[in-house]
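The block underneath contains the structure these notes are about, expressed in C-alpha cells.
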Amino acid sequence: MEHIKKTVNELTLKYETNNPFQIAKAKGIFVHFEILGDIMGYYSRLHRIQIIHINETTRAKERDFICAHELGHALLHPDSNTPFLKRHTFYSTDRIEQEANCFAKELLFADKTITSSEIINDYGVPYEVAKNF
C-alpha cells in the first residue's frame, strides 16, 4: 500500500500537520458530530459535498482515529459512501476498509513509537485492526 503512504506524506507536507480534523477542514470536507448509537462514524458524499460523520459520544483519541479512517475514505474512495462502522467492527476483509485503516495508521502513527495496547486502549481501535499495525 505504498500509494497510501505517498498520499499521506504529500498531505502532511502540504498542510504541515497529521491532524485529520485540520486536513479535512483544509480540503473542504465537513466533519459533523452527532449521536449515532453503536456506529462510530461514516463517510458520505451528497452531490459534491463530502461529510465525515463522527459519533459525539466517542472519546477524543477515538475521534482522531475515526476521523483519520473516514478521511481515508474521502480521499481514497471519494465516490463511495462507505457502510456504517459499528463499534469494534473496523476490521473488514473489504479492500476499501483495509485501505482506510492503513491511511489512518500512516497518518496518526507513522512517526510515533506506539504500542498495540495504546492503539487499542487509547484510540479504541479493535484488536483485529491494531494487530495489523
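The values are calculated or read from the model by the stated rules, or taken from the named source; none is laboratory data. The model shown is predicted, which means the values in this text are computed figures rather than measured ones. Cβ sites come from the backbone with ideal geometry, for glycine too, and all protein chains shown count toward neighbours. When the accessible area is computed, the model is the full protein with side chains, heavy atoms only, and any ligands, DNA or RNA have been set aside. Shrake-Rupley method; radii C 1.70, N 1.55, O 1.52, S 1.80 Å.
If the condition is being assigned to a helix (DSSP H, G or I) and either under 17 Å from K6 (Cα atoms) or in contact with a Ser or Thr (Cβ under 7 Å, 6 or more places away or on another chain) (or both), then segment 46-73 contributes I66, A68, H69, L71, G72, H73.
For every residue, the table says whether it meets (1) open to solvent by 70 Å² or more (accessible area, probe 1.4 Å); (2) modelled with pLDDT of 75 or more; (3) hydroxyl-bearing (S, T, Y); (4) not in a helix (DSSP H, G or I).
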| residue | (1), (2), (3), (4) |
| --- | --- |
| L75 | no, yes, no, no |
| S80 | no, no, yes, yes |
| F90 | no, no, no, yes |
| T93 | yes, no, yes, yes |
| Q98 | yes, yes, no, no |
| N101 | no, yes, no, no |
| L107 | no, yes, no, no |
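Residues in segment 51-62 that are open to solvent by 60 Å² or more (accessible area, probe 1.4 Å) and modelled with pLDDT of 95 or more: 2 in all. Please go through segment 3-26 and give me each residue that is outside any helix (DSSP H, G or I) and either surrounded by fewer than 19 Cβ atoms within 10 Å (Cβ to Cβ) or more than 14 Å from the chain's Cα centre (by Cα) (or both), ordered by number. Answer for segment 3-26, where residues must be outside any helix (DSSP H, G or I) and either surrounded by fewer than 19 Cβ atoms within 10 Å (Cβ to Cβ) or more than 14 Å from the chain's Cα centre (by Cα) (or both): E16, T17, N19. When segment 27-50 is limited to residues that are modelled with pLDDT under 95, open to solvent by 40 Å² or more (accessible area, probe 1.4 Å) and not acidic (D, E), the one that is farthest from L108 (Cα to Cα) turns out to be H47.
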